[in-house]
1. In nm, to one decimal, how far is the modelled label at ALA40 from the one at GLU189, with both set 7 Å along Cα→Cβ?
2. Ranked by Cβ crowding within 10 angstrom, fewest neighbours first, how are GLU19, GLU181 ordered?
3. So for the chain: antiparallel DSSP bridges make up what percent, rounded to the nearest 5?
4. So for the chain, averaging the separation of alpha carbon pairs under 8 Å that are six or more residues apart and normalising by length, what relative contact order in percent results?
5. Sticking with the crude label model, points 7 Å out along Cα→Cβ, report the distance from ARG131 to TRP211 in nm, one decimal please.
6. Using alpha carbons only, how many angstrom separate the centre of region 131-158 from the centre of region 11-87?
7. Please give the per residue volume of the convex hull enclosing the alpha carbon atoms of region 4-229, rounded to a whole number of Å³.
8. Scanning the chain for trypsin sites (Lys or Arg not before Pro) in DSSP loops with at most 11 other Cβ atoms within 10 Å, what's the longest stretch left with none?
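The numbers here are math on the coordinates, done by the rules we state, and not lab data. On a predicted model such as this, the values are computed, not experimentally measured, just so you know. Virtual Cβ from ideal backbone geometry, glycine too; neighbours counted across all protein chains shown.
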Amino acid sequence: MNTPTEIKKVVPGRFVTFEGGEGSGKSTQIKMLADRLNGARLPTIVTREPGGSAGAEVIRHLVLSGMGKLLGPETESLLFAAARDDHVNQVIRPALEQGTWVLCDRFTDSTRVYQGKLGKVDPKLLRAMERVTIGGLQPDLTLILDVPVAVGLQRAIKRRGSAVADRFEEEGLAFHEKLREAYRQIAAEDPNRCVLIDANADQQTVGARIWTALRDHLFSTAAVAESSKA
Ligand code: TYD
């Protein structure tokens, strides 16, 4: 295993996205990972979608308020894309260019799953929007947090307390089952970029699984790339 100093030498800013259904524990795990990377003197920021930049946060409010549903899945996808474009240009790209690690709570896979696989928006349209919004900026690693639907929904209800459910939390059980399946499919189709993390465990255990995935996918490839240059 690399020590923090070795890691710093060989790894520039990396782009890591977190994906998963409701109550999969993304926000807790992102925070834990950011603390660990910053602790290893790898400057790291945490951001989220929809939102993450001033313009995108305005769109977030609109979409999650239920307005997106009224507009239909295609137009809703355009709103997510507009938010992503601002977020990438204002926050993600500048940070990566400075060598800062970016941990993002949801990214393009959310659009592929929620609007594409579940909302039935044409994948060609989604790919065209991806070309405009992210161009070549694919995540270096995508961690897909996987929990049984009943566990995830129970966690989401507990977290929400008395607050009103958002647009996607309101969907039924069948929707969440399909969501889980769609994420598992993405993980299977793109194993170089995606790792499915079994998140049905306590926070520390899940955190350790995430760290192992990061080490295997990023630190080892960076070290190999660096040594092949020598
Ligand atoms: P959020 O409150 O951030 O929930 P979570 O904790 O589940 O991440 O709500 C974001 C919601 O927006 C979430 O239900 C997924 C949905 N979403 C899409 O439908 N498409 C997208 O492209 C993105 C980024 C999010």
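1. 3.0
2. GLU181, GLU19
3. Given both bridge residues lie in the chain, the antiparallel proportion sits at roughly 0 percent.
4. Once normalised by length, the contact order is 30 percent.
5. Output for this residue pair reads 4.3 nm.
6. With region 131-158 and region 11-87 each reduced to a Cα centre, they are spaced 10 Å.
7. Numbers: hull volume 28.2 nm³, N = 226.
With only Cα atoms used, region 4-229 gives 125 Å³ per residue.
8. Maximal segment without exposed cleavage sites: 121-230.
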